[in-house]
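Notes follow the structure.
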Amino acid sequence: MPEKKPGPSVKDDELYEKLRDEGNSKEKSARIANAAADTSRSEVGRRGGEHPAYEDWTKDQLDERAAELEISGRSSMSKDELIDALRSH
């Protein structure tokens with residue numbers, strides 16, 4: 001069976017496939033793989049995020065972020081469910 005390629009927009013196929021195997025979404029895997037290709041893999045890991053942990057966000061803030069990411073069913077989710085949905089997106 002031929003090896004599947006993620007597509008021409010993904011700059012680091014190997015990292016993309018590793019992230020997908022770990023259970024990350026296609027979108028998240030592509031973003032990380034492309035960021036790593038622009039600098040270096042270790043640089044991406046060190047940079048980290050600039051936002052506080054989702055647990056420190058209000059439910060309204062979590063709902064707003066979920067809306068930006070077009071997560072369906074967010075209006076009926078609890079704070080913990082929103083956090084899980086955002087982390088798995």
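The values are calculated or read from the model by the stated rules, or taken from the named source; none is laboratory data. Predicted model, so just to flag it, every value in this text is computed and none were measured. With ideal geometry, Cβ positions are generated from the backbone for all residues, glycine too; neighbour counts draw on all protein chains shown.
Before moving on, here are some points about what is shown:
- Failed item, numbered, when Asp63 is tested on (1) in a loop (DSSP other than H, G, I, E, B); (2) modelled with pLDDT of 90 or more: (1)
- Of all residues in region 27-53, those being modelled with pLDDT of 80 or more and within 19 Å of Arg65 (Cβ to Cβ) number 5.
- Test for Ile83: is it surrounded by 10 or more Cβ atoms within 10 Å (Cβ to Cβ), β-branched (Val, Ile, Thr), modelled with pLDDT of 80 or more and not in a helix (DSSP H, G or I): no
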